């Protein structure tokens, strides 16, 4: 299963041993109650806990709301007595009385409608059935997450009394346990024997100081509340601490190297800062000089603006005078245009009259020319007649005829 680890989904082999042991131990606790029973694991996650329950249970049905988790569990842990399905713990898809044991580890704090988990668990439990549920201690959890802030995946967290009262509203019998990490000294047989003995000193667990709360709930009375001490396979605390110290020392050496690098980088940055400070001071001086120049320029601009305003007023006055003169000229032009148009009309009339006179003169000239030609022709005829008359007067025959009293009498011309 490949997904970003958030601390809310435990994937075998991908989490720290302490976190793994913390989650796995709850199923070890519940497995003591699962022998030959019909078990429901709500919020089964990747299915590792269901596999632990299936070692002794008659059957194990496991559900989770996340499809990826269910697919992972099916591929890795499905068996003849185990089945995995996707469903919500707020609405269990099973008939009433279908199971003898219901477990819900680190589920209730993730639900908006968390009371429905409790009521649904009671509904699907048969007679004598038990409900095993766990949740973080709100007080301890808030303290441990003081720097990182509230868990964004949690809808509701419980203090001890609230957790007990919420369970008691559905289940008359509730046995509560505190789950804590604790150091221990182990005497382990070589080889290990079948039996073991446990001694726990000191007072009982203080609810307000507990890491987690775990409850075994039932409708009828329950037999005792046996304490469980779970020793993980990697349970040599001293060696674990030594290895942890070695890891811390390695981390410290790495961090010291980072610190040396950071100091060198800091020194470089200090030098760079000093250079930048000097550059900044120089630029500030330049900026101050530029600011003074800008102020002087601004003053000059204001003076120029005043001059422009005065020039604009003067230009406006001149423009008004020009417009007045133009208006006068336009009126004068209009009057002269009207006079010229009137004169043009008079000239047109005179020209028309003159054209008529010219035409008459031309007609008269043509008549004179015609009469002149006629007169010239007449004069020519007269001259010809006169010539004939003179010839006739000079004719001897004509004189003879007159002398004889014959012929026409021709007077003097």
By the mean-Cβ-within-10 Å protection proxy, highest first, 387-395, 351-359 rank as 387-395, 351-359
At q = 0.09, 0.13 1/Å the base-10 log of I(q)/I(0) from the Debye formula over the alpha-carbon atoms of the chain is -0.79, -1.20
Of all DSSP beta bridges with both partners in the stretch 17-235, the antiparallel percent, nearest 5, is 45
Per-residue Cβ contact counts at 10 Å, fewest first, order 313, 102 as 313, 102
quick note, the chain, DSSP beta bridge pairs, % antiparallel (nearest 5) is 45
Rounded to whole angstrom, the alpha-carbon centroid of the stretch 204-229 lies from that of the stretch 253-291 at a distance of 60
Taking a ≥ b ≥ c as the square roots of the Cα gyration tensor eigenvalues, with a/c under 1.5 meaning rounded and otherwise prolate when a/b beats b/c or oblate if not, the stretch 82-143 comes out prolate
The distance between the Cα centres of the stretch 311-360 and the stretch 7-26, in whole Å, is 111
In a Gaussian network model of the chain with springs linking alpha carbons closer than 10 Å, the residue among 245, 200, 190 that fluctuates most is 190
Expressed in angstrom, Rg and Dmax over the Cα atoms of the stretch 17-235 are 17.3, 51
Ranked on Cβ counts within 10 Å of their own Cβ, fewest leading, 64, 41, 71, 197 go 197, 71, 64, 41
Exposure proxy check on 176, 252: fewest-to-most Cβ neighbours within 10 Å is 252, 176
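Read-outs: derived from the displayed coordinates by stated rules, not from any lab. The structure displayed is predicted, hence computed values, not measured ones. For neighbour counting, all protein chains shown are included, and Cβ atoms are generated from backbone atoms with ideal geometry for every residue, glycine included.
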